[in-house]
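Chemist: Below you'll find the structure I mean.
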Amino acid sequence: FYKGFSVSLLGLFIGPVYVSTLEASKSWLAAHAPNNNTSRAAVPMVAGALASGVGQTLSVPVDIVSQRRMMQASEGQSMSAIAICRLLWREGGLLSFYRGYGVSLLTYVPSSSIVWGVVHLVQPILSSVWPHSPSSKAE
């Protein structure tokens, strides 16, 4: 059985937090940004970057504990997630839960920003081709 599975289940809560952060950021930024084309294009990009930063802040510790649990299982050891958290805390405090955090941010923040910027640019084009709702006419 995959030993990191139970810890990885915590990752299920990260997706909704990401989307909530994205939408809240877009709303706040749209309300406070100047009303011009540059700002309208930048809002989804900045919101995507913020959402990704929040998502990584939550997911990196989950990944660290999950990976440690898998490594220990492959070495024939079996420690609970709580025991691994205690061990990580003794090894380096809070920072030990964020090993690789900078690399994660450097990877995911720009990509999320680009994705949401592209979505913003492509959305009007797709809206003109793809109807918002099915036709109500019965033929």
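The values are calculated or read from the model by the stated rules, or taken from the named source; none is laboratory data. All of these numbers come straight from a predicted model, not from anything done at the bench. Here the Cβ positions follow ideal geometry from the backbone for every residue, glycine too, while neighbour counts run over all protein chains shown. Side chains are part of the model used for accessible areas, which takes the heavy atoms of the whole protein and leaves out ligands, DNA and RNA. Shrake-Rupley method; radii C 1.70, N 1.55, O 1.52, S 1.80 Å.
Chemist: Among the residues of the range 50-64, are any open to solvent by 70 Å² or more (accessible area, probe 1.4 Å), among the charged types (D, E, K, R), over 20 Å from L9 (Cα atoms) and at pLDDT below 95?
Modeler: No, that holds for no residue.
Chemist: Specify the residue that is most open to solvent (accessible area, probe 1.4 Å); the eligible residues are those in the range 110-130 that are among the hydrophobic types (A, V, I, L, M, F, W, C) and over 14 Å from V43 (Cα atoms).
Modeler: In this case the residue turns out to be W130.
Chemist: May I ask you to say which residue of V43, V19 is over 22 Å from R99 (Cβ atoms), open to solvent by 30 Å² or more (accessible area, probe 1.4 Å), in a helix (DSSP H, G or I) and of a type outside the set (G, A, S)?
Modeler: Testing whether each residue is over 22 Å from R99 (Cβ atoms), open to solvent by 30 Å² or more (accessible area, probe 1.4 Å), in a helix (DSSP H, G or I) and of a type outside the set (G, A, S) leaves just V19.
Chemist: Given (1) surrounded by 14 or more Cβ atoms within 10 Å (Cβ to Cβ); (2) free of Cβ contacts under 8 Å to residues at least 12 places away in the same chain; (3) not aliphatic (A, V, I, L, M), where does S104 come up short, assuming only one miss?
Modeler: (2)
Chemist: Now for a different question. How do the pairs read when you match residues in the range 16-39 that are in contact (Cβ under 8 Å) with a residue 40 or more places away in the chain with residues anywhere that are aliphatic (A, V, I, L, M) and open to solvent by less than 80 Å² (accessible area, probe 1.4 Å), using Cβ under 6 Å and keeping only pairs 6 or more apart or on different chains?
Modeler: L22/A47; L22/A51
Chemist: Do you know which of the residues in the range 65-97 that are among the hydroxyl-bearing types (S, T, Y) and surrounded by 16 or more Cβ atoms within 10 Å (Cβ to Cβ) is nearest to F5 (Cα to Cα)?
Modeler: S66
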